[in-house]
Structure formats: structure tokens, C-alpha cells
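Data first, discussion second: the structure below is written as C-alpha cells.
Rule-based calculations on the coordinates, nothing more; no lab input. Everything quoted here is computed from the prediction, not taken from an experiment. Methodologically, a virtual Cβ is constructed for each residue, glycine included, from the backbone with ideal geometry; neighbour enumeration extends over all protein chains shown.
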Amino acid sequence: MSAKQPGAILVVDDNPDILIAARLLLKQHYQLVKTTDNPFDIEDIVKAHGIEVILLDMNFNRDAISGQEGFYWLKKIISQDPSMVVLLMTAYGDIQLAVDAIKAGAADFIAKPWQNEQLLGAVAAAFAHAKDKQQLGKLTRQTQGLNQALSESSTGPAFDFLGQSAAMQQVFATIDKAAQSDANILITGESGTGKELAAHAIHRASLRAAQPMISLDMGAISESLFKSELFGHKKGAFTDAKTDKIGRFELASGGSLFLDELGNLPLTHQATLLAALQNRCITPVGGTKPVEVDIRLICATNDNLQQAVNEGRFRQDLLYRINTVEIRLPPLRERSEDIPLLVNYYLTHFAQRYKRSLDIAQQDMAALCAYHWPGNVRELAHAIERAVILSDGDMLDVSSVVGTTAQAVAPEGNTGEGICASYDTFDLEVLEQRAIRAALKHYQGNVSHAAKALGLTRGAMYRRLEKYGL
């Protein structure tokens, strides 16, 4: 006897002799054969045993109109699981009934009593059909996932990239020039200055604007998943690789790839990234065939990469590769003339979101302009959103903005009263460390709340806690 083939099959018939005969025949050839005389049990058996093929009787009682009860259960099975393959069985060898059964979704039609070879042939064909349907479903899901990823990546950021100051006009001019080439671009600047917005502006102004822009935060992926995220993987490449996965490089081919927080990339992976950029091809994890990719690389970091090179934390050759054009985004304190524009923009945006009608008094605008904004534009946006939510009446209450944020950045020993705290140093790292300490103290150690008040993500907050040993 030949070895049993993999496969799970369910036989549904109200005749116990049919169930016994089918089971005795089929269990010689397939690993799992289940039977039932109650069609109401079908769904539970399918879920419990991973059934791939069902042999379904057309009639479950002698009083039923020929085939109608079977058609009911056929349609129910197909509606619940379109990948299921159903063979219909009946004692009525009616050709028209067979045609109607196939139109209704049956894979084949078997007349009882059957010839064993005929039944085995039909079941073998059904399992082959089941595998085809499963593969098609997998490809469809993957395509849907790809389309969703491309759609999300092409949608762009929620906010506009704004500025009217001389510093920002210089940034916009550089973007316009650099975007027309395929040169790799490095965007630098403090946290919250709008590096992702700048990346989207570059992509929209480029010749690749019609293609997707795919983003990846290098500080948010684990070292073990780095290659899989960037290059994809093949099914079975590692324990959790249950299906093939397309990496960000391949998704971005023809468009732009944006790697944020690049300074967080460990040295062990920098050589891998460099090789992919130089060769313009990648190999998925577990794969053997290289895949050519055509991307425009945009990177961003709030780290000083040249200093990182000097300290041995970043490869000099990778830095040369990624910063053909470098665009530095100025902190908000260096373009304070943009604050009214940004305040009005975010006030309009969040007022619409929360269905409010709010205006801002001139003295309150002056207060916001005088504030230091260590978290830059991101902090300003979060502050305005908070003020819109907490304000009563039809005027924006900036006390909920300036009071909280000023306290968060006050030097140790300073009460933080007034709009602008006095500083005994202008060293940004010292000020940042003080701000983080004050925010954590104010929010009683709640990292999420402190990070939001500072205009940081949780990941960025944890990196700073580690950096300063807090």
C-alpha cells in the first residue's frame, strides 16, 4: 500500500453505510478522514481539523426536493470559506443537477453508488484544486497587503511642511533642487523639526512622485528583524516565517525609501545596508535569487553622524553614500517668525478635528512666540491640540500650553513661572536632560505623558533616558 497523502477530508451524508464505505476507502489514502450525518456540525469540524475537501450529500431526507438541501449547505460552506473545495454526491444521476451544482460552486459531481477509482480520482483532483485555491488566496492577501502598504505610504503625512522664515525658504530651495535628481539625501535636525515632513516634500517634488514612498523607523525595529524588514524573507527562513514577505527595498522600487532615525542603526547592520545601496540589489532572507531594486534613498537623523563616525559608531563609507545632499532643518527657536503661521495652522486643524470654533488673543500669540519650544514643531502641535481640547469658550486658553511646557523645561531650582524661563546655560544636551527630568517629575514618572509633553515618541524618549542614564 502506498503512503498516505497529506490532506483532511470530511464526508457528510445521512446514510451510515455511505459514511462507513467512504471512510474505509479514503482513510487508506489520506491522513485524516472525518464523517458526520449532521450538516449542522460541518462548521465546527472544519475549524477543528483544518478540513480542505468536503464530500457533501445532496439530500439529507427522503422528503426533500431533489438536491435542494444539498445546495443550501453548499452555498453556506462556500460563503463561510471560499477556499473550501466541495464535491456533491447524490443517488440521482441527473446531468442538469450536475451542471447546477458546479454553477453553485461545487468542484465536481459524484453519482452514487460510485466506482472506487472514480471517487478516488475526483478526490485527488479536489485536493489539487484546494491547493490552487489556497495559493490564490495567499497571493490575493499578499497583493492586498502590498496595495495597502503602497496606499498608506503614498498618502503622505497628516500635516503640511510649512515655513515663511528665511531659514525655511533656504530649506525649500534646496529641496526643489535636490528633488529633481536621484541623489541620496540626508535630512538632519533636532527631534520634532519635521524631518519626515521634509522627506515627503522631497518625494512629492521628485520625478518619482507617482510611485510609492516607503518609510521605516530604524529605531523601532529589532536587530533580529532588520534584514527581514528591509529585504523581505522566504517562507521557512526562520521560525516565524510562515509566508513569504516583501521587504521595504522591494516595495519602494521605482519610488523613494525613507529611513528615519538612521543614527540608531547598529554597526553590524551598516555594512549590510551599504552593500545593498552599492549593488542596487537585495536578497530576501532564506532566498538565493538576488532582486534588483531602483530606489531613491532619503535618510533622517537627529544624531551628529560625523561625530558618530569619529567615535566609531557609524561607518564613514556609509555616511558618504547617504549624504550626497544634506538638508539641515533649523530648530523652531531659530525661526521664531514661523510660530504664528504654525500656531494658526494647527489651531485650524485641531479645531476642525474636535469640532470647536476658537480664536487666539494677540497677547497669547506673543506668549507662544516667546516660548523656547525645545520639542520644536512637534511639541507645538501637541501643545495646540491639548489647548484646543482643554479650552472653554471661544478663545484658545494658552495657559494650558505655556504653563505646562514652561514648567517642563525650567532649569532645576527654577519655578518655571512666566512665559520664558531663565537659563544658566545654552548647552542643548544639558537643557534637554533638565527638560526630561522635569517632565518625568511633573508626570510622576509616567514616561508616555512626559514624552508627549516634550513632543517625543516613546521610542525617542527611552533612547534619551538611556543616553542620559535617567
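Dipole check for segment 156-328: with +1 at the C-beta of Lys and Arg, -1 at the C-beta of Asp and Glu, and the Cα centre as origin, the magnitude is about 480 Debye. Pairwise alpha-carbon distances in segment 302-357 exceed 15 Å for 67% of all pairs. Binning all Cα-Cα separations of segment 156-328 at 5 Å, short to long from zero, yields these whole-percent fractions: 1, 8, 17, 21, 20, 15, 10, 5, 2, 1, 0. Within segment 276-339, the ratio Rg/Rh, alpha carbon atoms throughout and Rh by Kirkwood, equals 1.14. Past the 25 Å Cα-Cα mark, which pairs from K242/K289; K103/K131; K4/K34; K47/K76; K245/K452; K177/K227? Over 25 Å apart, Cα to Cα: K245/K452; K177/K227. Of S357, S215, S83, the sequence from fewest to most neighbouring Cβ atoms within 10 angstrom is S357, S83, S215. Exposure proxy shown here: for F172, F314, F231, the number of other Cβ atoms within 10 Å sets the order, fewest to most, as F172, F314, F231. Taking a straight line from the alpha carbon of K467, these aspartates and glutamates sit under 17 Å away, with near neighbours fewer than eight places off in the same chain left out: E190, E261, D303, E311, D427, E429, E432. Quick one: if the Förster radius is 45 Å, what FRET efficiency do V309 and A361 give, using the C-beta to C-beta distance and rounding to 0.05? Given R0 = 45 Å and the Cβ-Cβ separation, E is 0.40.
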